[in-house]
Amino acid sequence: MSARTVETYWEDGVWKSRHRGADWHFAYGGSRDQALILGQAAARNHDAEHVIIEPGDIAEHGDTLQLMK
């Protein structure tokens, strides 16, 4: 597991992505799938883990996520 983590999370009715511990998000808005794609791409580009935080809990890790089935 990488020491760096990208989080994609639901907050205030909007999907957002940020690097864990950052005070700002680098992606904001769009559908859940769009947010996950952006977060997963950012994690891949930064050699980081991607964590998806659903409203209420951590649902899954993005490295095993399969989108667009």
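Points worth noting:
- Of all residues making up the stretch 21-43, the number that are part of a loop (DSSP other than H, G, I, E, B) and among the small types (Gly, Ala, Ser): 5
- Within the stretch 1-55, being open to solvent by less than 80 Å² (accessible area, probe 1.4 Å), among the charged types (D, E, K, R) and free of Cβ contacts under 8 Å to residues at least 40 places away in the same chain holds for Glu11, Lys16, Arg18, Arg32, Asp33.
- Taken across the stretch 48-68, residues that are in contact with a Lys or Arg (Cβ under 6 Å, 6 or more places away or on another chain) and modelled with pLDDT of 80 or more do occur, with at least one present.
The values are calculated or read from the model by the stated rules, or taken from the named source; none is laboratory data. These figures come from a predicted structure and were not determined experimentally. Positions of Cβ are backbone-derived with ideal geometry, glycine not excepted, and every protein chain shown enters the neighbour counts. Side chains are part of the model used for accessible areas, which takes the heavy atoms of the whole protein and leaves out ligands, DNA and RNA. Shrake-Rupley method; radii C 1.70, N 1.55, O 1.52, S 1.80 Å.
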